[in-house]
Every structure is written in structure tokens, then in C-alpha cells.
Amino acid sequence: MSTTPAFRRLALSMALGVLWQPGAHAQADRAATLAPIVVTGDATATPLQPSPAQERATLQQVPGGTNLVTPQDEVRLVTLRDALDFQPGIVVQDFFGGIDQPRLNIRGSGIQSNPLNRGVLLMQDGLPLNLADGSFVIGLLEPRNARLISVRRGANALSAGATTLGGELDFQSFTGTGNDVISVEGGSFGRLGLHAAKGFEGERLDGRLSLSHDKADGFRHHSDSERTSLHGNFGVRGDNFENRTYLSYTDLEFDIPTVVPKNRVWDDPRGVMGDQPGDQPNIYQRDPHRKTEQLRLANRSYWGTDALNQTFGVYWQNIDDTFTEPTVSTPTTGDTYGAQWALAGKWNTVDYRFALDWSRSDLDRDLYIVSPANGSNVRRFGHYDLQAENRSALIGLQWHVTPEWSVAGDLKYTQAVRDTHDRDSGSKVDQDWSYASPKIGVIWQPSARLRLFANISRSNEAPTYWEIITGSVQNPMMGMASTQINELDVQRATTYEIGADGQLSDGRYAANWSLTLYRSNVDDELMSVTNASGFGSAGTFNYTDRTRHQGIEAGLNGTLPGPGAGAFDYRLAYTFSDFRFRGGEFDGNRIAGVPRHMISAELMYRIGGLRFGPNLRWMPSDTPVNHANVPGTEQNSYALLGFKLAYQHDKHWSAWLAGDNLTDRKYISSYAIRSTSVATAPGYLPGNGRSVSAGLSYKF
């Protein structure tokens with residue numbers, strides 16, 4: 001893996017120094033002037049930047065499962081799993097345990113995208129981050145820049161363009177002087193993180209700039225990772241009007257240690273293929289890695305009142321992404337454009353909204369044979385011009401029948417286009433689909449402490465280019481390789497969902513709880529399986545018969561009295577996933593990819609500015625790694641024990657310490673999904689061993 005150039009490190013140091021200067025001057029003047037206390041609660045909320053309370057009120061009007069995450073409340077906030085670990089219905093599986101690309105799953109959507117990602121719509125401040133074909137690079141996300149994360153699971157997604165089984169996640173940025181901070185953190189496996197943010201805020205103008213740099217050597221051999229991110233936004237506010245511009249740049253690169261046979265997880269969890277004589281593929285020689293750069297510019301405007309308002313947004317992003325697996329390297333470059341318009345208002349007891357969504361990606365994608373001797377590109381065997389486009393419309397109504405009862409319905413209509421042109425052969429395969437995604441739901445809220453809901457919905461997911469185009473290498477030394485364009489259908493599902501949430505008791509020791517049950521009957525599920533190396537694609541197909549996804553999503557959090565003047569804060573999240581084939585070749589088998597049971601729990605004792613306590617991540621049963629459910633090949637159950645400590649010295653200084661996998665448990669964190677396999681074939685990713693990390697931050 002290439003190191004970061006010296007000029008980039010110098011630029012980063014200078015930028016951090018500039019951001020630090022206001023804090024340094026404040027320290028010099030400390031005897032005369034105290035730093036101001038900035039209130040970033042409801043008083044500073046705007047239509048484009050709602051407060052957590054306002055966002056929670058919006059989610060309460062959704063007749064289905066949702067999550068509201070305030071990531072800055074976490075003791076440690078390094079990876080996406082740090083932000084989402086204690087959320088019911090969201091499963092994050094580490095791939096390489098660093099700053100890379102964990103597998104994100106909601107209700108089984110996109111579980112076959114291995115190791116790439118699809119199945120959910122990721123958004124930044126209300127506008128999509130996905131390419132128009134539905135794919136995304138999840139490692140580009142920066143949770144430290146997120147003020148809150150709003151998750152609408154499944155067909156509970158609110159935006160017109162979100163029609164997949166998994167739903168949508170909206171990462172909403174800090175603005176103005178919210179979270180002005182400089183921090184440094186480090187730990188095991190060469191972990192180093194720097195983050196700084198500073199903003200200004202006036203009566204009608206505000207702006208903010210944040211910069212972060214992270215690197216890690218990784219637990220396993222050949223698992224270095226590094227990411228530099230820059231995020232900025234500028235806002236203008238007026239009477240019943242707001243406009244906000246967003247700019248971001250991310251440079252992400254990481255080595256890929258790939259998979260190993262199952263016995264090596266226990267014998268040598270740090271090892272990779274190439275550590276033993278005769279290993280093929282030899283990871284050191286082939287050098288699998290990924291390097292992605294993304295530049296993004298977006299703008300949103302809001303005007304009107306609660307009675308009648310409009311929102312309009314546009315965005316552009318450029319991506320330069322090279323994904324090199326052991327046998328094939330796939331560079332992709334291109335631009336994505338999009339626009340959204342929404343009209344919302346109230347008429348008597350009816351809330352209504354109309355929305356239009358358009359997105360397009362123009363991409364160039366090549367496929368190269370990777371040399372088994374030195375990892376260089378031997379020969380290009382695929383040269384594609386790709387155009388993906390989506391046109392979506394939405395109409396939504398919510399009728400408040402009584403103060404306790406409301407009925408909500410959405411109808412989304414989408415035209416999806418995936419045009420593929422092979423520049424070498426001149427062949428062209430154009431695929432397009434039109435589909436409707438309706439939903440009807442009901443909410444009953446008999447009291448302020450109890451809400452019950454139910455809904456029936458239809459979801460649709462078109463394939464991405466990672467499914468449409470596949471390439472395989474037969475003989476790299478002789479330059480023998482082939483590529484093909486797959487003609488696929490849309491994955492469709494009908495989902496039935498019931499649930500409830502509320503609060504037990506009142507006051508300081510109230511407990512918040514949620515419970516959701518769902519069943520999705522899926523047709524033409526998109527199935528992607530890996531090849532013999534355990535990392536390259538062996539093809540994608542629509543399953544010829546039915547599949548079923550069903551599960552339980554439950555969460556509990558609150559506070560209990562503790563000794564002295566302290567208290568215990570607790571969190572518990574349980575996600576049950578029962579995904580099965582209901583006919584066809586694998587009839588009755590479990591679909592590989594997601595743990596059947598996943599439990600996350602935390603108990604923290606809090607007194608004054610001190611918090612500390614244990615946490616648990618527990619997968620209590622084995623998980624199939626192939627659709628044939630071959631005995632002996634499963635991902636074995638595991639339990640990981642951790643501990644966190646945080647200390648808030650004053651309104652400026654804070655520090656934290658965290659330990660993970662304290663028992664140094666050897667376990668399989670994830671795996672390659674195949675139709676069938678044997679345990680001796682490479683296919684398993686060892687999880688990180690025992691680690692310790694710590695951080696220090698100063699808030700202006």
C-alpha cells in the first residue's frame with residue numbers, strides 16, 4: 001500500500017494548526033474571558049437541520065421501525081459500527097477490522113453484495129450518497145461529522161428514491177459552531193486518528209469546516225488502512241427560507257488481507273494466504289487493495305411554513321475508485337448528478353407530500369488481469385461505458401382520524417435504467433424497469449408513553465453494475481480472461497410489519513423500548529456468490545423461486561439508580577433474522593449472510609463527569625456461510641467482551657479509554673458467501689484480537 005505523500009501530511013498539519021489557533025488564543029485569555037457556551041438544541045434547529053427532538057417527532061409519524069442515533073454520545077466514535085452497534089434492526093459485520101468497508105445489513109437487503117454494498121440508500125443531509133445504480137462505498141462515511149443519524153428501516157423510507165428492502169440512513173451534519181472540537185486518538189494495531197472542526201454562526205449566516213485523518217496498520221497482515229476527509233457547509237437563513245451548501249472530499253485506501261481456510265482462523269488469525277508455502281492466491285504478490293476518492297458538492301433550499309412548504313436539492317459527486325481483488329482489478333471513474341423536489345403541507349386533518357427524484361451516473365469501468373507475480377495489471381479484458389438513471393415520484397398522505405389514530409399511505413413509482421456498452425466488442429445491453437412501491441400503515445397512540453403500528457408494503461431493488469458486469473480470469477500468465485453482461489430482473493418483496501414503542505414509567509429512571517416484527521416474501525432475490533479464491537465474483541442471478549425474510553428488532557435503554565450519587569445507564573439491542581429459501585434448489589435452507597441472533601448490550605456507571613462499564617457483542621448461534629448449509633463450514637458463535645471509560649473534566653476537556661475483545665477470543669467476523677463450499681477452501685475473515693484505544697479532545 002502506498003504511503004500518504006509528505007505534502008498531504010504537511011497540509012493536514014497546517015489545517016489542524018489553523019483550526020487550533022482559536023482554541024490557543026482562548027487559552028491565553030483564559031484569566032480574563034471564559035469560552036462561550038454555545039447552545040445547539042432546539043433553539044438553533046432549522047427546517048434543513050432539525051433537532052433530535054424534531055427528528056424524533058417526525059419518526060413518530062412513520063408507521064414502522066425507525067432508529068434515531070446521536071453518534072456524539074458514544075464514548076468512542078471511530079468506525080460505523082461504533083455509531084450503530086447498539087441499534088436494533090441494524091447489523092454491521094466487520095470485514096478487515098480497520099477503516100475499510102464493513103457489511104451493513106437491514107432486513108437482509110444486500111446481504112449478497114460481498115464485499116461491496118447495496119440494499120440501502122445512504123444519504124448525507126437528505127441527499128443520496130449512492131451512485132445511481134444503487135451501489136456505494138461505505139468506507140467513505142465519516143460518523144464524527146454527523147450530528148444525528150436518522151434510520152428508516154425497510155419500506156418506512158421517506159424519500160422518493162428509496163425503494164429497497166433495507167430502507168435508508170440519513171447522516172445529518174453539524175452546522176455553525178456545533179461541536180467545535182479538536183481531538184486525537186490512538187491505540188492497538190497502529191491506530192491513529194486526528195479530527196478538528198470549527199465554525200461560525202451569525203443571525204442569518206453560518207459556516208463550518210471539519211477535517212479528519214485516520215490510519216491503522218491493522219490486526220492482520222496486509223491490512224493497512226488510511227482515510228482523509230474534509231467536510232464543509234455554509235448556510236443562509238431568512239424569514240421562512242433556508243439555503244445550505246455542502247462540500248466534501250474523501251480519500252480512502254486500504255489493503256485487503258482477504259479470506260483464509262477455516263482452520264487458520266484458530267491457528268493463525270493474523271495470517272493471510274501467502275504465509276505458507278504453496279498458498280494460492282499469494283496476497284503479498286497480488287497486493288489486493290482498494291483506493292477511492294470522492295468529491296461531492298450539494299445544495300438544498302427550503303421555503304414556506306409547516307402549513308405549506310417546498311424543498312429543492314441538487315448534488316454532484318465525482319468518484320475515482322479502483323478495487324483490486326486477487327485476480328481482477330476494477331477501476332471505475334465517473335460523475336453522478338441528482339435533483340430532488342418536495343412539496344408538503346397540511347389540509348384540515350390530512351398531512352400530504354409530493355416528491356420527485358432524479359439521479360444519473362455516467363461511469364467508465366475497466367477490468368484488468370492482476371499479475372500473480374507482482375500485482376500489476378497484465379491486460380485489460382473489459383472496457384465499459386455505463387449509464388444508470390432513476391426517475392421517481394411519490395405521493396404520501398397521512399389522515400389523523402382522531403387524536404389517537406392515524407392512517408398513512410405512500411405510493412412511489414420508479415423508472416430505473418441500466419445501460420451497458422462494451423467498448424471493445426461494441427455490444428450493448430440496455431435494461432430498464434418500471435415499478436410501483438406502495439405502502440399503507442396505521443398508528444394507534446393511546447397515550448404519550450405508548451405507540452403501536454402496522455403496515456403492508458412493497459419494495460423493489462434494481463441490480464447494480466457490480467451484479468450486471470462480472471469478470472473471471474482463467475490463466476493470468478497467458479492473459480486468458482472473460483467478462484460478461486448479466487441480464488437480471490428487479491428483486492421484489494411484500495412486507496408485513498407490526499410493532500410498538502414507548503416508555504416505561506416517568507422521570508429520571510424511565511425506560512425506552514421498541515419492538516418490531518416483520519415478514520418479507522421475496523421474489524427474484526438477487527444472489528451473488530464468490531469464486532474459488534473467496535473474493536472474486538462467480539456471478540449474480542435472480543433466485544428461481546421464492547425466499548422469505550422475517551425477523552424481530554427489539555431495543556431497550558434507560559437509567560437505573562446507582563450507589564452514591566451515581567446512576568447506571570444501560571442499552572440492549574436484539575436482532576433476530578430468519579432468512580430462508582421457500583422453493584427451488586435450496587428449498588428449506590437458510591440464506592447465508594446474516595447472523596440468526598445478534599445481541600449488543602452495554603452497562604455504564606455514571607457519576608459526575610465519569611462514565612465506565614462493560615459491553616457485550618454476542619452471536620449465540622452458528623451462521624451458514626453458503627446456501628447449501630454444508631455442515632462444518634458455519635461461522636461459529638462468539639461473544640466479545642469490551643470495556644469503556646470516559647471522563648469529562650470540564651466543558652472543554654474530555655478523554656476516553658476503550659478495550660475490545662478483552663478475552664482475546666478467536667472468531668470469524670465475516671466470510672465470503674458461496675452456493676456451496678468446504679471448510680478447507682479460503683472463505684473466512686478472522687476478527688480482531690484484544691485491543692486498547694484512547695482519545696483526548698478539546699471543545700472550544
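The values are calculated or read from the model by the stated rules, or taken from the named source; none is laboratory data. Keep in mind it's a predicted model, so treat the numbers as computed, not measured. Here the Cβ positions follow ideal geometry from the backbone for every residue, glycine too, while neighbour counts run over all protein chains shown.
Give me a count of the residues in the range 466-502 that are more than 25 Å from F579 (Cβ to Cβ), in contact with a Lys or Arg (Cβ under 9 Å, 6 or more places away or on another chain) and either at pLDDT below 90 or of a type outside the set (V, I, T) (or both). Qualifying residue count, the range 466-502: 4.
In the range 557-586, the residue that is farthest from D501 (Cα to Cα) out of those that are out of contact with any strand residue (DSSP E or B) (no Cβ under 8 Å at 6 or more places or on another chain) and of a type in the set (G, A, S) is G584.
Among the residues of the range 465-480, those that are surrounded by fewer than 21 Cβ atoms within 10 Å (Cβ to Cβ) and of a type in the set (A, V, I, L, M, F, W, C) comprise M477, M478, M480. Looking at this structure, is Y413 touching a residue at least 60 places away in the same chain (Cβ under 8 Å), in a strand (DSSP E or B), of a type outside the set (A, V, I, L, M) and over 30 Å from R380 (Cα atoms)? Taking the combined requirement at face value, the residue does not satisfy it. Considering only residues that are in a strand (DSSP E or B), within 24 Å of the chain's Cα centre (by Cα) and among the β-branched types (V, I, T), which ones fall in the range 603-639? The answer is T623, and nothing else. Considering only the range 293-310, state which residues are part of a strand (DSSP E or B) and either touching a Lys or Arg at 6+ places or on another chain (Cβ under 6 Å) or free of Cβ contacts under 8 Å to residues at least 60 places away in the same chain (or both). Hits for the range 293-310 are E293, L295, L297, N299, R300, L308, Q310.
Screening N377 on (1) surrounded by 17 or more Cβ atoms within 10 Å (Cβ to Cβ); (2) more than 21 Å from G167 (Cα to Cα); (3) not aromatic (F, W, Y) shows it passes everything except condition (1). Please work out if I591 is touching a Phe, Trp or Tyr at 6+ places or on another chain (Cβ under 6 Å), crowded, with 18+ Cβ neighbours inside 10 Å, aliphatic (A, V, I, L, M) and more than 30 Å from D523 (Cα to Cα). Here the answer is no, as I591 does not meet what is asked. Do the conditions hold for D73, that is, is it closer than 30 Å to F200 by Cβ, over 15 Å from the mean Cα position of the chain (by Cα) and among the charged types (D, E, K, R)? When the stated conditions are applied, D73 passes them.
The strands (runs of 3 or more DSSP E) falling completely within the range 114-196 that include 3 or more residues that are touching a residue at least 12 places away in the same chain (Cβ under 8 Å) and buried (at least 23 other Cβ atoms within 10 Å of the Cβ) map to 146-153, 167-173.
In the set S359, S406, S376, which member is without any contact (Cβ under 8 Å) to a residue 12 or more places away in the chain, out of contact with any Cys (no Cβ under 6 Å at 6 or more places or on another chain) and hydroxyl-bearing (S, T, Y)? Step by step, each of S359, S406, S376 is checked, and only S376 is without any contact (Cβ under 8 Å) to a residue 12 or more places away in the chain, out of contact with any Cys (no Cβ under 6 Å at 6 or more places or on another chain) and hydroxyl-bearing (S, T, Y).
All of A53, A83, A57 fail the test of being modelled with pLDDT of 75 or more, buried (at least 20 other Cβ atoms within 10 Å of the Cβ) and not in a strand (DSSP E or B), apart from A83.
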